[in-house]
Amino acid sequence: MTILKALLLSVFLWQPLSWAQVSPTENIVRNLFDGTQIISSEYIYRLDILEQTKIYSKSGKLTAWLKWQLLENGHWLRDRLDPESGLLKAREELRFKDGITPRNAKLKNTTIIKKWNFPDNIEKTPTTIEIFEDRGVVHGPNRPLKKQILDSTGNIVSELKFFYNGQESKPYRYEEYQNNQVTNIYELYEAFNPELVWQNSHLSAEEIEKRRRNLYRGDKFLVAIIDSGFDYNHEELAHHWYQNPKDPVDGVDNDNNGWVDDFMGWEREKGVGLPSESSTGMAEGWRPLSHGTHVAHIATRNMTGVGIIGFAGNYTNTDYLKDINRFLKEHKVKVVNMSFGFPADIRNHMGLRDANKVLKQMVKENSETLFVVASGNSIPGVDIDIFANRQYPAIISGKNIITVGSINSDTIEADLLDEYLMADFSNFGEKSVDILAPGQGVYAASLGGGEIRHSGTSMASPYMANEAIRLWQKYPDFSASEIKEIFMESAYPMTTAPLIFGRGFVYREKAQELAREKFVSKRWQRAKSLTQTKNGPNCWNTSLYLSGLTEGLRYVSGEEFRATIDSPLCIEVEIPQLGDVVALRRTDLEGRPLKHAMHSEIHAYTYFDEEKGLTKNGQHVLNKYEEKSHGSIFQKYKNLSRKDCRIYGIPKEYCNLRSKYYRCQSAASYLSKNPWANSSYESLYQNILSLEKSKENQNFGGEEFKEVSLELPAQGESDLDDIILERLRSLGSRID
């Protein structure tokens, strides 16, 4: 039978030819329908033993090429060749169930015993060898026993061994070897012991104390990471974990959520609150890769005030995802990173349809949580807008979810902005993928300590999450959707525009600039929209409120204003930007503010642009919030200042009115980078916020100030102002 005849017959019958039709020396061609197109499979035999398998696309292009070699006792070697070059890419030793051969084998009848991986496009010594336990053909993969890394001459330079308890599928211990010497031991489910981590580190005593304060502070910005698992005792992560106050470690399910002692997250397989890693991957540098550890480090690198919640295990399990969803809602988690993906599975062929539905539900029900997800990897990257390529959670749409692809770099440098391209492995899609971020060769935490490089959109996603966390910590007034909008609007447009919605990559400087503009505008519109019923908010308050230094519209004395802008919260700048405080201050001949605040502090307003500022003249209910030119504001107070100098008897040489510009950050932002030394810092700051909000409530027709927890007596407005000032002074002295 000719190949053409076989082809025509198979097309007519829409069935593969039976193996009985094959001549011992002939090839056969079969037509198969994969749901999207017809593909051809060519099987080449010699003496009735399969030697090669070739798969062709509809257009006739070779897409897969396998070579087979029969060993003995049901064992075969399967070589995977590059379809274009024919060079060896990987080799596997397979064991087939008794009586089964590659002719009629199904995946459940085979198991991998050994696997060799070769360098891309170079047929020579393999780079890695993976050795699996040979327990015969079992349902699912056999357990890995070791992974070996080889140099160019075939010598083993690094080895990772796995140890198991009984028939458990997850190892309880890893041992890492180099030159036949144990270099690292990693125990799964070991106790969380940050003090031991710091004791064994090379950190300074000051840095250890800073990390200790950060771990136990109660106001953390919560970040959930759903991933493979975590080395929670890693030096770069130990100080970040969330200490769940609702369920401390005591063997009791105190919060009644079905999880006992979920104080830092949850691990699905064993059902414990220690989200351990079970990954067996290896990354560049011959080090074991914990995908979750790598991701968590990138997401929280160089940050304070962040609390990681780790969810490890089978994130395709519907019940587990539902439990995670409940946790997110109860604890009001701010950011969730999901560096994983699986097919859309509309017909539920892989049992993933319900998991996809829960992921969509999770995003919808947590509208004030920002979900940051990876677009996925392929070689080369594919368009996930196309039905056959779709995957979850990358294709979920919503105002509070941002899908991230990768650029071909591990960082973003100002002098290379126009040279970056989308990484060749990054999936894309004009409807599904929002923005790009660094994800190639990213250096971050490794399993068992140290750091390694790894690539993927899995790395780009936490990079984006890190940027979002930084911005949100600085501007907590924003919603999840507003945070996303800022990054989308500020994305750096790439010279070679990728096929994604945002057309560019995350650009911190522009995002910060845009966030500042939106923040000031949002507060300015709020201030103008409120109806003042009592005297109170004044010029100093307006400038501090619009810069984020206060949280309420209230009266601010010159003394409080001076104490604030002269504190570490503010720095004097020569060239102002939107949102900066413009202070009109009397100075001596050398430009120093006069000794007493009542003499030096004349007026303050907010810098908007080169032409105008945002101001309020006086505390009276009739004084409105206005936009005025810098010249008119300065001239008005210059005239008033001269008159006041005569009244106060201030010598002429000490009556110089000057405009000084201050760039400030809120106490919350400052203290997030410089954690409280003890709980009194936190309680003091929360106390001030409560007082400010209460005072604003009085000024705008709300209820009178009542706050039992502060144990303050009923007092008048001026007394309440004094309390705020006193507590601000206390906070300022601690900041200093």
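Suppose R0 equals 35 Å. What FRET efficiency, 1/(1 + (r/R0)^6) with r the Cβ-Cβ distance, do LYS638 and GLN686 give to the nearest 0.05?
0.30
State the extension gain, in nm to one decimal, for the chain segment bounded by SER481 and LEU87, taking 0.36 nm per residue of separation less the distance between their alpha-carbons.
137.0 nm
Give a residue-ordered list of calculated ³J(HN,Hα) values for region 291-297 (Karplus: 6.51 cos²θ - 1.76 cosθ + 1.60, θ = phi - 60°; whole Hz; x for Gly, Pro).
4, x, 5, 4, 5, 4, 5
Find how many whole Å separate the alpha carbon centroid of region 536-573 from the alpha carbon centroid of region 496-514.
Region 496-514 and region 536-573 have Cα centres spaced 34 Å from each other.
Quick check: pseudo-label points 7 Å beyond the Cα along Cα→Cβ at LEU499 and ILE647, how many nm apart are they?
Label-label distance for LEU499 and ILE647, simple model: 7.2 nm.
Give me the extension gain from GLU368 to HIS349: residue separation times 0.36 nm, minus the current Cα-Cα distance, reported in nm with one decimal.
In short, 3.5 nm is gained.
What FRET efficiency, computed as 1/(1 + (r/R0)^6) with R0 = 41 Å and r the Cβ-Cβ distance, is obtained for THR531 and GLN577, rounded to the nearest 0.05?
0.85
Antiparallel as a % of all DSSP beta bridges within region 194-516, to the nearest 5?
Percent antiparallel among DSSP bridges in region 194-516 is about 35.
Fewest Cβ neighbours within 10 Å first, please rank ILE633, ILE469 accordingly.
The most exposed by this proxy come first: ILE633, ILE469.
Net charge near THR615, counting Lys/Arg +1 and Asp/Glu -1 over other residues with Cβ under 15 Å of its Cβ?
Around THR615, the charge tally is +2.
If you place +1 on the Cβ of every Lys and Arg, -1 on the Cβ of every Asp and Glu, and leave all else neutral, what size is the dipole of region 384-440 about its Cα centre, to the nearest 20 Debye?
520
When Rg is the radius of gyration of the Cα atoms in region 194-516 and Rh is its Kirkwood radius, what does Rg/Rh come to?
A ratio of 0.95.
Mind listing which GluC sites (Glu not before Pro) in region 160-204 are in a DSSP loop and have 16 or fewer other Cβ atoms within 10 Å?
GLU168, GLU190
Given R₀ = 45 Å, what would the calculated FRET efficiency be for ILE113 paired with TYR670, taking r from the Cβ atoms and rounding to 0.05?
FRET efficiency, ILE113 to TYR670: 0.15.
Mind checking the full-extension length gain between LYS146 and GLU207? Use 0.36 nm per residue of separation minus the Cα-Cα distance, one decimal, nm.
That works out to 18.2 nm of additional length.
With a cut-off of at most 14 other beta carbons within 10 Å, and DSSP calling the residue loop, which trypsin sites (Lys or Arg not before Pro) in region 591-633 qualify? Please list them.
In loop regions of region 591-633 (DSSP not H, G, I, E or B), the sparsely surrounded trypsin sites (Lys or Arg not before Pro) are LYS595, LYS624.
Taking 7 Å along the Cα-to-C-beta vector as the label spot, tell me the GLU590-ASN314 distance in nanometres, rounded to one decimal.
7.4
Give, rounded to the nearest 20 debye, the magnitude of the charge dipole that region 533-625 has about its Cα centre when Lys and Arg contribute +1 at Cβ and Asp and Glu contribute -1 at Cβ.
520
Computed from the coordinates by the stated procedures, all read-outs in this text should not be read as laboratory data. Remember, it's a predicted structure, so these values are computed and weren't measured experimentally. As a convention, Cβ positions derive from the backbone with ideal geometry for all residues, glycine included, and neighbour counts pool all protein chains shown.
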